[in-house]
1. Kindly provide the set of residues from the stretch 294-350 that are among the polar types (S, T, N, Q) and within 21 Å of L206 (Cα to Cα), ordered by number.
2. Going residue by residue through the stretch 261-271, is there one that turns out to be within 14 Å of the chain's Cα centre (by Cα) and part of a strand (DSSP E or B)?
3. Given the structure, is R83 out of contact with any strand residue (DSSP E or B) (no Cβ under 7 Å at 6 or more places or on another chain), assigned to a loop (DSSP other than H, G, I, E, B) and in contact (Cβ under 8 Å) with a residue 60 or more places away in the chain?
4. Just checking, does the stretch 278-288 include any residue being part of a helix (DSSP H, G or I), surrounded by fewer than 14 Cβ atoms within 10 Å (Cβ to Cβ) and in the same structural domain as P199 (by TED's automatic domain parsing)?
5. Yes or no: the stretch 301-314 includes at least one residue that is among the charged types (D, E, K, R), under 16 Å from V375 (Cα atoms) and out of contact with any Asp or Glu (no Cβ under 8 Å at 6 or more places or on another chain).
Amino acid sequence: MPQPIAPDTKDWTRVLEQPCAECGFDPSAQTLADLPGLIHDTAMAFSQVVRRPDVRERPAPKVWSPLEYACHVRDVHRLFAERVELMLREDEPTFANWDQGRDGDRVEVLRAGPARGRRRSDRGRRSRRRALLHGHRRHRGSPRVPLQRQRLHGRDARALPPARRGPPRPRRRRMSTSDTVRAYDLDAAAYAANGASMPDSVRRDLEAFAERLGAGARVLEIGSGGGRDARLLEEHGLRVRRTDITPGFVALLRAEGHDADLLDPLTDDLSTPEGPYAAVWANASLLHVARADLPVVLARLAAVVRPDGLLRISVKAGDGEGWSTHGSIGNPRHFTYWRADPLRNVVAGAGWRDVEITHEPGTKNAESWLEVSAVRA
């Protein structure tokens with residue numbers, strides 16, 4: 001069995017007033033209305049974490065495994081749900097101290113396996129989200145109490161950022177998908193302004209794409225960025241659902257008066273009440289998806305597109321993967337590079353047929369691109 005971990009004796013109430021130096025959680029940037037979405041996103045991320053084959057493995061003898069971290073976050077959600085319920089029942093509630101270092105339940109889950117922890121985590125999630133969103137409206141005591149509960153809860157829910165997919169390590173932290181999202185978020189406006197002009201190859205593909213679909217067709221755009229492609233798609237008579245994983249881009253699009261959704265194509269629900277889409281447009285966005293995740297993303301996209309619907313994506317040509325700082329984005333971004341044949345196999349294996357790949361050489365020192373079109377099988 002794993003070694004016991006020394007109890008955490010830090011005074012975490014400091015995150016009520018100042019950012020957390022360990023995870024970056026900033027209480028001033030959070031509202032009560034943000035918490036239900038944070039709980040949902042955390043639960044969805046950990047539902048993927050606990051499926052990892054190494055979920056029980058600790059990176060060091062006294063550092064929690066991903067499964068133990070998942071159980072800790074589950075316990076945090078339970079605890080604060082109980083405290084919100086107590087606030088709803090009593091005017092001046094007293095909260096018992098919580099020893100978050102206890103190992104009993106986590107050891108039980110390590111023995112029983114990830115499925116037990118996952119089932120426990122799933123039960124009651126929706127009701128807790130509702131309680132945490134609406135509980136403060138009925139509380140009759142100090143209006144600061146629910147806000148303080150929310151900030152403490154938010155910090156613990158953020159203790160393991162979803163995109164990191166694992167616990168903090170004693171050694172230097174590895175960069176992850178979330179770092180790429182943050183890089184775009186910091187320079188979203190500059191990126192949108194810098195990418196306002198459309199390359200000729202993209203314009204040709206877009207016009208052919210729109211002509212094949214016909215006016216009125218509904219398109220799911222993955223990675224809308226500053227909105228350049230969506231504007232031209234709409235000029236050609238298509239209806240576009242704008243989405244992006246980067247909050248800064250979604251905010252820009254909404255500020256321009258567009259409907260836009262914050263969406264991760266790897267984990268979020270892609271469907272809409274209107275039914276299947278006619279096509280997916282993902283220009284220069286899936287190049288950030290990890291190699292092992294791209295088949296999953298493409299299959300999820302195929303599942304929400306009508307038979308004979310269209311797909312158009314573009315990625316950078318090359319081998320391997322890496323981090324790069326260039327253009328209007330000041331911080332490093334992660335890129336996955338592809339060759340045509342392996343990419344064709346991945347697309348075809350994810351539910352698409354008639355896969356065509358065009359190689360577009362880069363200009364000057366720019367990298368080359370692979371532009372992919374396919375039809376829903």
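The values are calculated or read from the model by the stated rules, or taken from the named source; none is laboratory data. Everything numeric in this text was worked out from a predicted model, so none of it was measured. Glycine also receives a Cβ, built like all others from the backbone with ideal geometry; neighbour counts cover every protein chain displayed.
1. Here is the first cut: in the stretch 294-350, the ones among the polar types (S, T, N, Q) are 314, 324-325, 328, 331, 336, 345.
The answer is S314, and nothing else.
2. Checked against the condition, which is being within 14 Å of the chain's Cα centre (by Cα) and part of a strand (DSSP E or B), the stretch 261-271 yields at least one hit.
3. Working: out of contact with any strand residue (DSSP E or B) (no Cβ under 7 Å at 6 or more places or on another chain): yes; assigned to a loop (DSSP other than H, G, I, E, B): no; in contact (Cβ under 8 Å) with a residue 60 or more places away in the chain: yes.
So R83 does not fit the description; no.
4. No.
5. Yes - at least one qualifying residue is present in the stretch 301-314.
The rows are residues; the columns are (1) surrounded by fewer than 20 Cβ atoms within 10 Å (Cβ to Cβ); (2) at pLDDT 95 or above.
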site: L301; (1), (2): no, yes
site: R306; (1), (2): yes, yes
site: S324; (1), (2): yes, no
site: N331; (1), (2): yes, no
site: Y337; (1), (2): yes, yes
site: A340; (1), (2): yes, yes
